[in-house]
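Everything below concerns the one structure shown next.
The values are calculated or read from the model by the stated rules, or taken from the named source; none is laboratory data. None of the values given here were measured: they were computed from a predicted structure. Glycine also receives a Cβ, built like all others from the backbone with ideal geometry; neighbour counts cover every protein chain displayed.
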Ligand code: RI2
């Protein structure tokens, strides 16, 4: 029996949301690409061409989160810089290891910086599941603070259930609310901070994140509650906000067959765009920065598009 194709296995895992969360998708993509390169045969030109084809297949599996595109770009850059097939294979493996190590270091740095902006006794509203935002809140508790989190359910995939499990295990007081309760929560509770993750930060500082984020941020502005997004280098992108593709997932995630009458379309856009003027800042590896400063700092560090050929 032929060995399973590592690229197809990862594409399937990402498409089916077995692997989800922007950072995790990037790490999985880089590993699959490196695995593919180590198995490829032929001349250096053939290895590079095969790597680019595999990278394009992986890249299409979740179009919105730029972490995948960036991670694949870093591996391609490393492969393209070598002159022999053997060196390309070593470089791909090393680059994938670097992507994973940097993602871990990035999360730890963001947790340290972000926790400083979570006051003792704070009530923090969060949306969807972001491993990075969870790390910030867990760090605040590890620093000795008492923190209460209110997490949205996040229809239709209900990532909020994972958020409440992880936050509770980290020692926070936790409440779960349906997405439609956000305004009521902001109107009736002293919420100190809205903290979310990021899938992509566009070059004008627009945050592309789980569907509903833009509305949560608008309501937070109305109630004068600061909004932070936890976003490390791998989340930044040279794309303009309008060029960030918004993934549409299967309608069955929203309504099962037969639940709506024939002729009714069920739309399932899973991300939206929050303009930078609705954000107080990005918590990055360098601390809490305004959207403009965060972009200025991170844009020059992104992989060059030329690596894609
Ligand atoms: P971390 C998630 O998307 C959420 O939108 C979350 O804010 C983002 O990834 C970042 O997650 P999905 O994969 O990288 O659940 O902080 O659609 O873990």
| request: Could you look through region 153-169, keep only residues that are more than 10 Å from the ligand (Cβ to nearest atom) and touching a helix residue (DSSP H, G or I) at 6+ places or on another chain (Cβ under 9 Å), and pick out the one that is farthest from residue 141 (Cα to Cα)? | output: 156
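Going by what's in this entry, would residue 105 be described as part of a helix (DSSP H, G or I), within 16 Å of the ligand (Cβ to nearest atom) and surrounded by fewer than 23 Cβ atoms within 10 Å (Cβ to Cβ)? Don't jump to the end; show me each part of the working.
On the way: part of a helix (DSSP H, G or I): yes; within 16 Å of the ligand (Cβ to nearest atom): yes; surrounded by fewer than 23 Cβ atoms within 10 Å (Cβ to Cβ): yes.
For residue 105, the condition - part of a helix (DSSP H, G or I), within 16 Å of the ligand (Cβ to nearest atom) and surrounded by fewer than 23 Cβ atoms within 10 Å (Cβ to Cβ) - is met.
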| task | Being touching a helix residue (DSSP H, G or I) at 6+ places or on another chain (Cβ under 9 Å) and crowded, with 19+ Cβ neighbours inside 10 Å is the filter here, so list the residues in region 290-302 that pass it. | result | 291, 295, 298
| query | What's the number of the condition residue 30 fails, among (1) crowded, with 24+ Cβ neighbours inside 10 Å; (2) within 16 Å of the ligand (Cβ to nearest atom); (3) farther than 19 Å from residue 200 by Cβ? | reply | (3)
| query | Would you say residue 261 is away from the ligand (no atom under 16 Å from the Cβ) and either surrounded by 18 or more Cβ atoms within 10 Å (Cβ to Cβ) or under 15 Å from residue 276 (Cβ atoms) (or both)? | reply | no
| request: Look at residue 148 and say whether it is surrounded by fewer than 24 Cβ atoms within 10 Å (Cβ to Cβ) and more than 12 Å from the ligand (Cβ to nearest atom). | output: yes
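Which residue, of 199, 190, 179, is more than 25 Å from residue 289 (Cβ to Cβ), within 15 Å of the ligand (Cβ to nearest atom) and at pLDDT 95 or above?
179
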| message | Being on the phi < 0 side of the Ramachandran plot, buried (at least 17 other Cβ atoms within 10 Å of the Cβ) and away from the ligand (no atom under 15 Å from the Cβ) is the requirement here; does residue 267 meet it? | response | no
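Hey, among 36, 69, which residue is within 16 Å of the ligand (Cβ to nearest atom), at pLDDT 95 or above and in contact with a helix residue (DSSP H, G or I) (Cβ under 8 Å, 6 or more places away or on another chain)?
Details: 36 fails: within 16 Å of the ligand (Cβ to nearest atom).
Among 36, 69, only 69 is within 16 Å of the ligand (Cβ to nearest atom), at pLDDT 95 or above and in contact with a helix residue (DSSP H, G or I) (Cβ under 8 Å, 6 or more places away or on another chain).
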| remark: If you go through 111, 122, 81, 135, the only one that is touching a residue at least 12 places away in the same chain (Cβ under 8 Å) and either on the phi > 0 side of the Ramachandran plot or more than 16 Å from the ligand (Cβ to nearest atom) (or both) is 122
| query | In this structure, does residue 92 turn out to be within 16 Å of the ligand (Cβ to nearest atom), more than 24 Å from residue 133 (Cβ to Cβ) and modelled with pLDDT of 95 or more? | reply | no
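Residue-wise test of (1) surrounded by fewer than 18 Cβ atoms within 10 Å (Cβ to Cβ); (2) touching a strand residue (DSSP E or B) at 6+ places or on another chain (Cβ under 9 Å).
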site: 207; (1), (2): no, yes
site: 216; (1), (2): no, yes
site: 220; (1), (2): no, yes
site: 226; (1), (2): yes, yes
site: 236; (1), (2): no, yes
site: 243; (1), (2): yes, no
| remark: Within region 118-158, the count of residues that are closer than 12 Å to residue 196 by Cβ, in contact with a strand residue (DSSP E or B) (Cβ under 7 Å, 6 or more places away or on another chain) and in a loop (DSSP other than H, G, I, E, B) comes to 4
| Single unsatisfied condition, residue 226 versus (1) within 20 Å of residue 135 (Cα to Cα); (2) under 20 Å from the mean Cα position of the chain (by Cα); (3) away from the ligand (no atom under 16 Å from the Cβ) | (2)
